1. For segment 233-251, check the following and say yes or no: at least one residue is part of a loop (DSSP other than H, G, I, E, B), away from the ligand (no atom under 16 Å from the Cβ), more than 21 Å from the chain's Cα centre (by Cα) and in contact (Cβ under 8 Å) with a residue 40 or more places away in the chain.
2. Within segment 17-43, which residues are away from the ligand (no atom under 15 Å from the Cβ) and more than 25 Å from residue 123 (Cβ to Cβ)?
3. Please name all residue pairs, on different chains or six or more residues apart, with Cβ atoms under 7 Å, provided the first residue is in segment 280-299 and is within 22 Å of residue 51 (Cβ to Cβ) and in a helix (DSSP H, G or I) and the second residue is among the hydroxyl-bearing types (Ser, Thr, Tyr) and at pLDDT 95 or above.
4. For segment 44-58, give me each residue that is more than 16 Å from the ligand (Cβ to nearest atom), of a type in the set (A, V, I, L, M) and under 19 Å from residue 166 (Cβ atoms).
5. From the list 204, 166, 186, pick out the single residue that is part of a loop (DSSP other than H, G, I, E, B), small (Gly, Ala, Ser) and modelled with pLDDT of 95 or more.
6. Name every residue in segment 106-128 that is under 14 Å from residue 85 (Cβ atoms) and either small (Gly, Ala, Ser) or out of contact with any helix residue (DSSP H, G or I) (no Cβ under 7 Å at 6 or more places or on another chain) (or both), in order of residue number.
7. Give the number of residues within segment 123-149 that are of a type in the set (Gly, Ala, Ser) and within 16 Å of the ligand (Cβ to nearest atom).
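The values are calculated or read from the model by the stated rules, or taken from the named source; none is laboratory data. Everything quoted here is computed from the prediction, not taken from an experiment. Every residue, glycine as well, gets a Cβ built from its backbone with ideal geometry; the counts of neighbours run over all protein chains shown.
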Amino acid sequence: MATARRSARASAPLSLRLSAWAKVNLYLQVVGRRADGYHELDSLIVFAGVGDRLGFDTADDLTLTIEGPFGATLPVDDGNLVLRAARALRDSQSVERGARFTLEKRLPVAAGIGGGSADAAAALIGLARLWKLAPDEAELSALAARLGADVPVCLYGRPAFIGGIGEAIERAPPLPPAWLVLLNPGVALATPAVFTAYQGTRRGAYSSPARWAEIDRDAAALADRLADRRNDLEAPALSLVPEIAEALSALRRQPGCLLARMSGSGATCFGLFAQQTAAEEATKVVAAERRGWWSVAAPLLHGRLDRPWWGEF
Ligand code: C5P
């Protein structure tokens, strides 16, 4: 009887949904260039409490359906990072099962907030659970790095300094409670184009990595620390999408905005706020001023994201 129940449970169809949180680069400095053309970075990455949602159901084959406000902008093809991640995990673990994915695309695409990378990381985490695997963490991180430079940190899922091209992850010191307003001017921006423009504009030596052992537990102090850092991709991105300047000045005009900067390779910009009310008010104002732009207020997520990552909602 007990055996029958166990096997029934083991073969019961499973269904789960995970969040794939937006990643935000609080600063991003290019510290070198590798022989293969990839750029070595020094960046402080955090996650904001807004994301895509990825649903999983047991199935024999791997299939993907995309929906949500930004679903139409993303082709469902074999190049999708969710399917690429699934295939890579299946091959590395010699799994013969599939999964039916439903991706609710709530984050803008090609936007500098790692939507595709977070989806891939969520796919790896969810499939490990669906397929009852226990992959080695280092192996899984190496597999993630092969999918894209930002996938390992999305898999890590907590505030981190990153080095190398994104694979060298160092836990960030505890960050203060803070809110982020994300603002995207509605223009997709491909990462390789921004790095190419960066090469065209770069002058002088690369800067060296600059990290903090501690961060004050107050959002204004965090903004002060960030003020002498930059996003080196901001100027090249701006040369391709001039609306980024408008997004930055719109954020800077909002009461309570402690710092505004572009995230990743753009075009999404973020404003850092101490208070939820100020962040939500700022979002309302910028949304009313610019129809067709995407804006959202979200808390900066702290600690391990295990609960939201692994939890069903
Ligand atoms: O790895 P991912 O697919 O996100 O990178 C897209 C492109 O961005 C790469 O092909 C490369 O041109 C550029 N890139 C880079 N240095 C990085 C990350 C990305 O030059 N650290």
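1. no
2. 26
3. Sorted first by the residue in segment 280-299, then by its partner, the pairs are 283/295; 286/295; 287/295.
4. Selection gives 46, 48.
5. Numbers: 204 fails: modelled with pLDDT of 95 or more; 166 fails: modelled with pLDDT of 95 or more.
Result of the check over 204, 166, 186: 186.
6. Step one: filter segment 106-128 for residues under 14 Å from residue 85 (Cβ atoms), giving 114-128.
114, 115, 116, 117, 118, 120, 121, 122, 123, 126, 128 - these are the residues of segment 106-128 that are under 14 Å from residue 85 (Cβ atoms) and either small (Gly, Ala, Ser) or out of contact with any helix residue (DSSP H, G or I) (no Cβ under 7 Å at 6 or more places or on another chain) (or both).
7. Of the residues in segment 123-149, the ones of a type in the set (Gly, Ala, Ser) are 123, 126, 128, 134, 138, 141-142, 144-145, 148-149.
Now narrow it down to the ones that are within 16 Å of the ligand (Cβ to nearest atom): 123, 141-142, 144-145, 148-149.
Number of matching residues: 7.
Residue-wise test of (1) touching a Gly at 6+ places or on another chain (Cβ under 7 Å); (2) farther than 23 Å from residue 276 by Cβ.
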{"position": "205", "(1), (2)": "no, yes"}
{"position": "210", "(1), (2)": "no, yes"}
{"position": "225", "(1), (2)": "no, no"}
{"position": "229", "(1), (2)": "no, yes"}
{"position": "239", "(1), (2)": "no, yes"}
{"position": "245", "(1), (2)": "no, yes"}
{"position": "250", "(1), (2)": "no, no"}
{"position": "253", "(1), (2)": "no, no"}
{"position": "260", "(1), (2)": "yes, no"}
